[in-house]
Every structure is written in C-alpha cells, then in structure tokens.
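Only the coordinates and a few stated rules stand behind these numbers; no lab work does. Please read these numbers as outputs of a predicted model, since none were measured by experiment. As a convention, Cβ positions derive from the backbone with ideal geometry for all residues, glycine included, and neighbour counts pool all protein chains shown.
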There are 4 protein chains.
Amino acid sequence: MQLYDLRFGVIGWGYWGPKISRNLATLPNAAVTMVADSDISRLSSLNVNQPWIKTTTQASDIFNSDVDAVVIVTPVRTHFQLARQALLHGKHVLVEKPLTYSVDEAEELVALAQEQKLILMVGHTFEYNPAVNELRKLIHGGDLGKIYCIETERLNLGLFRNDINVIWDLAPHDISILLYLLDKKPVKIKVQAHANLQRHIHDVAHLDLEFDDGLNAHIHVSWLHPNKTRRVTVIGDARMAVYDDVNKAEMLKIFNKGAEIHADPVVSYRYGAITIPHFDEIEPLRLECEDFANAIRTGVQPRANGEVGLKVVKILAAAQESLQKQLELNTLLV
Amino acid sequence: MQLYDLRFGVIGWGYWGPKISRNLATLPNAAVTMVADSDISRLSSLNVNQPWIKTTTQASDIFNSDVDAVVIVTPVRTHFQLARQALLHGKHVLVEKPLTYSVDEAEELVALAQEQKLILMVGHTFEYNPAVNELRKLIHGGDLGKIYCIETERLNLGLFRNDINVIWDLAPHDISILLYLLDKKPVKIKVQAHANLQRHIHDVAHLDLEFDDGLNAHIHVSWLHPNKTRRVTVIGDARMAVYDDVNKAEMLKIFNKGAEIHADPVVSYRYGAITIPHFDEIEPLRLECEDFANAIRTGVQPRANGEVGLKVVKILAAAQESLQKQLELNTLLV
Amino acid sequence: MQLYDLRFGVIGWGYWGPKISRNLATLPNAAVTMVADSDISRLSSLNVNQPWIKTTTQASDIFNSDVDAVVIVTPVRTHFQLARQALLHGKHVLVEKPLTYSVDEAEELVALAQEQKLILMVGHTFEYNPAVNELRKLIHGGDLGKIYCIETERLNLGLFRNDINVIWDLAPHDISILLYLLDKKPVKIKVQAHANLQRHIHDVAHLDLEFDDGLNAHIHVSWLHPNKTRRVTVIGDARMAVYDDVNKAEMLKIFNKGAEIHADPVVSYRYGAITIPHFDEIEPLRLECEDFANAIRTGVQPRANGEVGLKVVKILAAAQESLQKQLELNTLLV
Amino acid sequence: MQLYDLRFGVIGWGYWGPKISRNLATLPNAAVTMVADSDISRLSSLNVNQPWIKTTTQASDIFNSDVDAVVIVTPVRTHFQLARQALLHGKHVLVEKPLTYSVDEAEELVALAQEQKLILMVGHTFEYNPAVNELRKLIHGGDLGKIYCIETERLNLGLFRNDINVIWDLAPHDISILLYLLDKKPVKIKVQAHANLQRHIHDVAHLDLEFDDGLNAHIHVSWLHPNKTRRVTVIGDARMAVYDDVNKAEMLKIFNKGAEIHADPVVSYRYGAITIPHFDEIEPLRLECEDFANAIRTGVQPRANGEVGLKVVKILAAAQESLQKQLELNTLLV
C-alpha cells in the first residue's frame, strides 16, 4: 500500500534541514525518503532514529533517486549547482534563501524551471508569517494610509559566517518581506556596512532603499548585537504598525497615530488607540512546506517562487555593489 | 540682605525655558531675575505666578541688565547673534543645543568667550546623565574591552520643526554623547535621510560615522516613529551595553557576552550574566545647571563647554554636506 | 485688585503637601496662602522660594485665618481632630486618604460637614485617573460583560510606616478604585497578612472581598517587593482588562478573550485582539484639585466626597478586624 | 543486537504524553516501546509516524508487557490505581503531578514502592528548571540573607478542568518549587478561592502558607487571567529575586536591594544593582527524564521522588480542607 504520493529528498543536514524535514514529513501523503550530507557524522543520529530514511554523502544519489522534489539546505555558494542539477534531473526544487549568490545564476534557474515545467521555490519563510500577511492586508486595504517608509531590524549575537557577509545571510528575509508587503521594487539602494569581527566579512549593515514614488525603506542587519531583534516598522500617514517577531504575545501592534502638515501651525499630531490582533499559533515553516507541496500537486506557482527569489538576489547584488563603492564616497571631516 | 550672588536672565519662554529656569532658581544663592520672549502672550502666566521676575519682549533688555549670565533657549538660527551679544555685554552664556547653525559661528563664539574670559556652555544635557557617565567609566576602565561600534536611536512621533531638519534637532544629543563616551572624533561621516512629511525638511536620518581606529558609530534619528526610543548600544569585544533612557528602572544593561574569532571553528560565542546598575534619581538638567553656576563661580570650564559645542557643530555641518551629496551617490538598480 | 477668590491652607509639608499645593496654586483664581507643619525645618525652603505664603507650626493658626479651605496632609491618626476643627471653623476640607482611622470618626466628620454645609473630600486620587474612568465606562457600558472578579496589586519596596500597617496605607487606593468601578460594596472580607520587617506592623497583605452577586475581588498590597507594581485586572465574561499605572505608554489593555462553559467539551476559549486606548497626559491630582475647587464654588458634591471616604474606612476597619482574627482560623497541617 | 536496555511504556496520549515520550526516546539506550490510551483515535497518528511502538487501549497490556518502567500521564483521580498496578507488576513508575488525589493513596504508593524496591517518581518538572536550581543555591548559600517570604503566581486563560479544581491542577508546581527551595514544610495553610466559571470548581485561588520560623509564602493560581504568568518572587533581607518562567531571556533577576529597621528613622532603604544570570537552554523535562532513567539504573532516589510527591499531596489536601471551611470564617461587613 502506498502511504504517500510525494517523496522529498533533503540535501544538507545541519540546523535547518531537520526542521524543514520534520514539517515535510507530516504533510498529508508526503514523506522524506532520502537525506544527503557530505559530512557523514551528521547522518548517524538520523540512521538511528528514522532508519527508514535513506542517507548518503552524495547529492547525486538524490538526483538519481525516485524522489519527486529536492530541498536544498546548504551553503549559499552551492545553491546554484545543486538546484540546477536537481532541475535537470526533473525534480521540483525548494532552495534555502537566498536563491543564489549571483543574478545570472538566479536567472538561469528561473529559466530552467520554466523550461522543465518544474516548481522552483525559495525559503522566504517570513512571507508565510501570519503577522506579515496581516500587515500586507492592512497596507493593501488602505488601513495605514499612504506609506511613507518601512524600517526593519534583524539583530542578534551570531551566527557569524565566513562564506558570506551579514547582508547575504540576514537581509534576504527583510527584502522578501518588503517586496511581499509592497508589491513593488526599489529603484535605488545605498549601503553602510562594517566588518568588525572578521576582516573583510561585514557583520553590521544598514541598507537604504528608495522606491520611485518616494517611499523609502531601511534595513538594519547585524550579527553583533546583545538583544535578539526581529522587527518591521511601517509608517503610514493614517496609521503606523510594528511587527515584532520576538514578542509572540504581541506580534503586531497597530498605532492609530500620526502627524499632519498644516499651514499654521506647521504640524499637528493625532494620538489614538493601539490594536494588537490575535494570531493562532501556526509555524510559518509549516505553511511554506504546504505551499511547496500544493504547488507541485497543482502546478500553481507558490508564493515564494523563483521569480521572487530572483528579485531578492538582484537587490542583494546591488547592495553588494554599493558596499564595494562605499569607501570613496564618504565625506571627510576636516 | 542679598539672598543670591548669581542672577540669570532667560531668553525664550517656550517648553524648555521654564524647565531650565526652575532648576536655576533652586541653585544655592542663585535666582532667575529676567525673562525675555518676543511673544508677549507667553509671559503672562509668569507675571502672575512669579511676579518678582522682570519680563520683556526685547532680548537687549537682558543684555543691558545686571544679570551675570544669560540662558538662550530660542530657535537654532538665532543662537549665534544672541550669544554673541550676550558675550559682548560681559554675560556668561548657556545656549541650548546645538551651539550654532554653522561652524564659523561656533568658532567665533568660542574665540569671543575666551577673549572676554567668560563661560560659554551648551545644553548637552545627556552628558550629565548618570547612565551615560557610568557607560563612559566602563569604556575608559576597559570593562567593555575594545569597542567595535556604537549605535544610537532617538525616535518619536514629533516634534516636527520647520526651521531645521531632524539631524540638527535631535542628533546633537547623540553626537555629544558619542564624543563624551569616546573622547575622540570621527574622521568620516555618511548620511542617509528622507523628507517624508514636509518637502525638503528631512524627518528620518541615519548617520554613519567612522573613527580612524576602525571604530564606527551609527546614529538613527526620527520624528516619524510610533514608539518613543532613546537608546545607545555599545558593542565591545569583552562586554556589550545598552543605555535605554526610556526605561527608567533599567536604564543601563551590561551584557557579559560576545563572539571570538578562532581558526576552527571560525567563531565561538560567550554568554554570561546581565548587570543593571542602580542610579539615584537626579535630573541631568539639574546637574547641568550646577555645572554652569560652578563654572561661573570658579572659572573652571564646564563639561559641555563651547569647544565641545563646536565639535558637535562640525559633525552636524559635515552630515549636512553629506546629505546634500547623497542623491548622485546612490547606486541605481537595473 | 483681588487675583483670587479661593484661599487654601495646607497642614503638613512633607512629600505630598508641596505636590498638592503646586496644583492648587495653579487653579484659576485660587491661591495657597498658608502652610502649617509642626516641624519648623520643613518650612524654611518654602519661606525662601515662596515668601508670600504665611507659614506656622500651629494648625490652629490656619483654622483662625481667612482661608476658605484646608488641606490636611498629615499622619492618619491626626486626620479626625484636624478635619473636625477645620469644619468647626467653617472651612471646607480635603483630607488625605484614608479619611480617618475609625468608622466612628469618619461618620462624625460626614455628619458635621453636612450640618455645617461644608465640602468634605478625601484624597482618593485614583478616582481621577483617566484609565480608571475608562475602565468604569467599560464596566458600566457592558463592554466587559458580566464581571467575575477584580484583582489589584500595589507593591513596592517601602515606604514603611510605623504608625499604620500596609492595609491602612496602601489599600485605600484599591478599595476606592473598586467602589468607584463597581458602584457597590462588598459583603464579606477576609485578610491574610504578615509582619515581616517590623514586629506587629503588617507589611504584606492579601484582602479577599465578596460581593452579594458572587463577584469577588482580591487586593494585594506590599511594602516589601522588588518591583514597583500598581495594577488592576478586571475579568469579565466578554472581555478582560488590565490597568497598569506603571506602564504609562500602555496604561489600559483590553483583551477580547474569554472562556465559555459548554456541555461537551466542558469549556471553549475565545482569543481576539487587544486594544490599548490613548489617554492625554493629565495629572489625576490636578483633576482632584479642580473637583475640590469646583465643589466649594458650586456646592455640588465632589466625586471623592466624605460619604465615599466613610465607605472606604468601613472596609478598612472590617479588614483590620479580620486580620486580628486570623491566627485562630488557620488550618493546621499535620 | 540490543539497542537499548531501558523500555518505557506510556499510559495517556494527550498533550503531555507525546512530549515526555519524545524526551524518553532520546535518552541513551532507552526506548518507548508501548503506549496506551483508552481513546483509540489518539493513537492513530502514532501508528503512522512511529509504527515500531506498540499501542493499546488497555493499560493492563503495558503492566503485563516487558517494559521496565511506566509513565502515567492520565487524569489525577486515576493515578493511584494505575501506579499501584504498575508497582505490583514490578514496574518503575513516573506519575504526572500531583502524585495522587489523597494523602492515603500517596502514602500507600510510597510504601509499596519501598517494599518492591522500585523507583516511584512524580512529574514535578520545575524542580529541574535551571533558574529554580540557581534560586535554591542562592537561598542555601545565604546570598539572599534571611528569607522573609515567597510569592508565586501561575495564571493564564485555561486550561479549565472539570475533574479537579485549580489548586490540584496548578498549585502542585508551586508547592513543589517551595519545598525544593526551602527544604522545609509549612505548618499552617489558609485558602481563599472562587468558582467563577463553573459551579463548584474553583478557578482562582490564593494559598497562604506559614512556616514555623515566621517565613510565609503565598501561592496565586488562576485559570481565568488574560496574561500568562509564571513567577516566583523571593524576598530576603539581603537580596530579592524574581524567577519569571515566561521571560526566557531574563528568567532570573536578583535585586540587591532591601529595607532595614533602625531606631530613628524607623526604616532605611538600600538600592543596588540587578543581576541576571545566564542559563543554557536545557528543557527541564529532559533533565527530569534523565533523573528517572538514572534512578532506575543506579537505585539512587530521583529528586522528585515519591516522598516529595507525598509532601505535596499533604499540602494540597490541607488546602482543600481549608477551602471547605472558608465560608463560615468570613467576617461580615455591616
């Protein structure tokens, strides 16, 4: 008897692989049937606890297996080759964020998936967060009025990486949230970043984004901060909202307050109530996995599809370019 | 019988004038004897409640009076002329922050005060905050180790101004705190700012400062934010500290945590206790006023003296210059 | 020219006297003209800073003066005699909470004020707090549904007293809030209290009150607690509300959540949004002083009138009686 | 090849059963081999996801199996019979809290376990919490000085039960924490409780405990509260400490503050720093399971052994007795 119609293979068994695997495994009629990791020691506990899952140190074993879809949870610079191979072998693909380490690579994957009629998806988990979705509704429904600006903060002590800087590591979340909230892309980007701990690997960064209607956004990411912070502040002319992912009991606060310009006196202020919607506890990663399975089964593009992943990579690449130019652009103090 | 030996005149009777006056009036052997404001309606309640204070709509009446010292609490662009006149009339001067609206003006005032052997002081109130002083001790005593970077945030809804932007209005506090904490000045500054509400008057700004030893600082100021925030985060390699002026019960938190680079694995993390020192409740403005009176009586320069005020104005002017250059420096996204 | 038509005399110049005096002095057409304190040293700074106020060490000087009203801010056990004398001399009276130290005394004062057609008021400041007033509206408007129970907490380190216990010192606030919120009085009271620091003076107490419709309330007061806490929690079957006086930015939170009994399963839960109303910053003490002045001028009873003060004293006296009985009522563990 | 030497059977597969099972299953050389639940529908997902675990609707199947130990996670009133049967069948037993619903039952189980030389343990999870253990060290090491009193709060909306009241449901945690912290038992107990939602089932309760050296404790438990609260406050004459289980980042705060009695003035106050120790993230339930396995293997009594469980039941039974007496003991207000 066939208990499932959807077989997943997972490449990369570090911190995130087991989490995503646990969610995939409990989808109706789905199973994780193979796991690959080049480090064999990571596979041993899996062999003991879930002996029915095949393990291998070769990703190619997964490509050549009967799995329907491959989940790639490996270092960023390996995403492109692994995803390309998977698509070429006819597998649907979910890649961890960011999709790739260059725009060319991302474009090639998107084109390949389209050609092969396969689902290509990227792990922008926060697009599946209920507070982010409520915020999107508030923006698009006009509740916040005209949006002036958005600020995001994603700060903590660690986890430092030595293959990519903090922008490539953390900002994909904030950029994907911004694109999802606004449905439009920035036209300008400027970066201020510093490499405090490791030489040449920036661990604190500020990204300033401008959109063509004057809307602007600021992204602050850091591996070097005492307090874990994950916050998005949206400033509209009717209302302001703060989504604080760390404060589970009050994840979204909507402030009915603002300022208005007048001839005289120049500005007046409006202060009203704060509203905090309730959200049922649903793991966003669960919803992401459901969207992937559903996309495979129905052919409907998932929310965080390859096109979205490409847009995020374009902004990351522009940020990287801005960062490399930043030295000569500084104003010298006398 | 002479009840006091120090007479103060106050120019400007808006929000801050009465506050500073209340503190000056309760210093031992000191009195506020004259108040000037060009708007006569502001003086009426003063006439009723403190009828022994002379009031006038002409600042010149104060310059020509017998007051020993003048406190200038007026719009920034008037600071220079009023302070200059006061010094020329032989009065000691305390000016609200920032000292002036240009470097030239600040330099002239500093030179004039020196020439006239008069005290020139600027209202950098936060240099008198006990948490800032404790933070300075921790930095200079080596408790925080090598300082990587400092982040400051000063955000709220309002108070919008139409004569100066948010940098000139709020950043003087953060810059004076930084200079006081570090005893050194930045060599580079870069600004990202946006004028959201009023055309041409920037209401949100990010200042990025670099010091010649690699230390960097980031100042975030905003008139357009739902939550009142006044925070300074200092990241050292031994400890991290957060001074949160809004959280009176836990104003300074010292985190015994950090990250260290190793060959393999790349980075390790250290997590220890948090310490929150106790501070007695003393109004920093009270200490500022005491420092002014003491400087007048003893000739010893006050902490926030004219030289310090000049340094802050130099950084503000460089920030303004960076801001004006920012458009052409942006990286365009394709 | 007569600048004011209402002259106040203040008896007691400790912590609270100057605060209430500052508020009275800024009422329209009102002035504090006399202050008495048996400790002459407390009056010296007043003589310097507000020399137009007459000072005396004899309360009787105030009774025999031309003041229209007397404010009594002295130890509880002196309230009755001072208030009685003031009323007998034809003065309106505002007494700090609690009104008196016995029911008999409170009844006598209420009768005397009525006889003399004078205003008798008690300093139940929290009845003038905007969050308490909003809470009252929510309860009476039915927004919270049927009220099950109310819990109050008033905790801090200090200020210990040696003339009265923590119940008489702090609980008057909570009892007056309860009576004001509910417009009905409890029929039963039970006390658990402990004298930890000083022998025979209870510094931590729990009061349990029952009303005849099953509604119950719990008051927790303490001088021996690390965190300053001033909180009222109202549990209704439609909504719940928390008034937290220490959290000025979010003073009142209304929770749209609850539980309902069913046959099967036994109980279901409902989770909705939290709402936090905005309150303009108005000092409740200011509103209390305005109510006193208005009552004197119009003859309309103030909110916190003598009758209300008497009700509070009755509950305090019953609590004291319950406390004295508590030892023999304890259940012994084997 | 034998992969494990310790086989566990779990009786009761609701909310807590799977959690405890997950922890037991990952102990070295241990396995959950059987699960029983009278409701067969609860076992179906287990059959799919962990098909190697035998399931049954009959607890007796577990008693008659080859498991070494039985974990009982069923309604309180069934604890005694199930634990008794398990012991009679030679199985070690871990019962959820409270151990039983009567003192006699608890005594019989303790005696039986001793007779049979089997481990009897009760699920007092909080005795394994690192913050509770640090608090115990601070108390016993004298850091807090003489302990005046302890207050505990365990509040939330739900989970209402219809078989036992809130005291039997929630207070076992607080009582076991108190006994563990203090190593002594109360001599008196007094209860104030109310049945707000369901007739005759008390959902809010205050327990007041006295120890023979004057130390006192107060336990507040509620199913009817808007904010999830799990807090223990310890007041010593040298320091005070608050353990807040809901605030994971600052679980234990130690306040170096206090009050001291003097002849004149009566009381002085001391205010010092707050310290927040760091705790590694370890699930207390994991440590509880390790203690159980270790006890079985070595014969050393576990921390939360049957004797401890009996002490807790004695206090619960005394609380219940006090509760039933409470009506006639109330003081009537006139």
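The alpha-carbon positions of segment C:6-124 define a convex hull whose volume is 94 Å³ per residue. Highest mean first, the peptides D:23-34, C:170-181, C:78-89 sorted by other C-beta atoms within 10 Å per residue fall in the order C:170-181, C:78-89, D:23-34. Centre-to-centre separation between the Cα atoms of segment B:90-137 and those of segment B:258-322: 15 Å. Taking a sphere under 12 Å around the Cβ of B:D237 and counting the other residues whose Cβ falls inside, with K and R at +1 and D and E at -1, yields a net charge of +2. In percent, rounded to a whole number, the relative contact order of chain C is 17, using alpha-carbon pairs under 8 Å and six or more apart. Rounded to the nearest 5, the antiparallel percentage of DSSP beta bridges internal to the protein assembly as shown is 60%. Shielding value for C:221-227 is 6, the average number of Cβ atoms from other chains within 10 Å of each residue's Cβ. Working note: Cα atoms of segment C:80-129, range along each principal axis, descending, whole Å: 31, 20, 16. Once the other residues with Cβ under 9 Å from the Cβ of D:F211 are scored (Lys, Arg +1; Asp, Glu -1), what is the net sum? Neighbourhood net charge equals 0. Summing charges over neighbours of C:N49, with a neighbour being any other residue whose Cβ is under 12 Å away from its Cβ, gives +2 when K and R count +1 and D and E count -1.
Projecting the alpha carbon convex hull of the protein assembly as shown along each direction and taking the average yields 54.3 nm². Positive-end ranking of A:G236, A:H200, A:T298 along the dipole of chain A, with charges on Cβ about the Cα centre, is headed by A:H200. Using the alpha-carbon positions of segment C:117-196, Rg (one decimal) and Dmax (whole number) come out as 15.0, 45 Å. Packing order of peptides A:301-312, C:58-69, highest average first: A:301-312, C:58-69 (average count of other Cβ atoms within 10 Å over each peptide's residues). Taking the inverse of the mean 1/r over every pair of distinct Cα atoms in segment B:248-310 gives a Kirkwood hydrodynamic radius of 16.0 Å. Only beta bridges with both residues in chain A are counted; by DSSP, about 60 percent of them are antiparallel. For the peptide A:159-171, the mean number of other protein chain Cβ atoms found within 10 angstrom of a residue's Cβ is 1.
Counting Cβ atoms of other protein chains within 10 Å of each Cβ in D:268-275 and taking the mean gives 4.
With Cα atoms as the point set, chain C shows a radius of gyration and Dmax of 21.4, 79 Å. The relative contact order of segment A:6-125 comes to 23 percent, based on Cα pairs under 8 Å that sit 6 or more residues apart.
Between D:S45, D:S21, D:S322, the Gaussian network model of chain D with springs among Cα atoms under 10 angstrom shows the greatest mean-square fluctuation at D:S45.
Beta-bridge orientation, segment A:62-210: approximately 55 percent antiparallel, per DSSP, counting only bridges with both partners inside.
From the helices alone, meaning DSSP H stretches of at least four residues, give me the mean residue ellipticity at 222 nm for chain C, per-run term -39500 (n - 2.57), in deg cm²/dmol to the nearest 500. Mean residue ellipticity at 222 nm (helix-derived): -11000 deg cm²/dmol.
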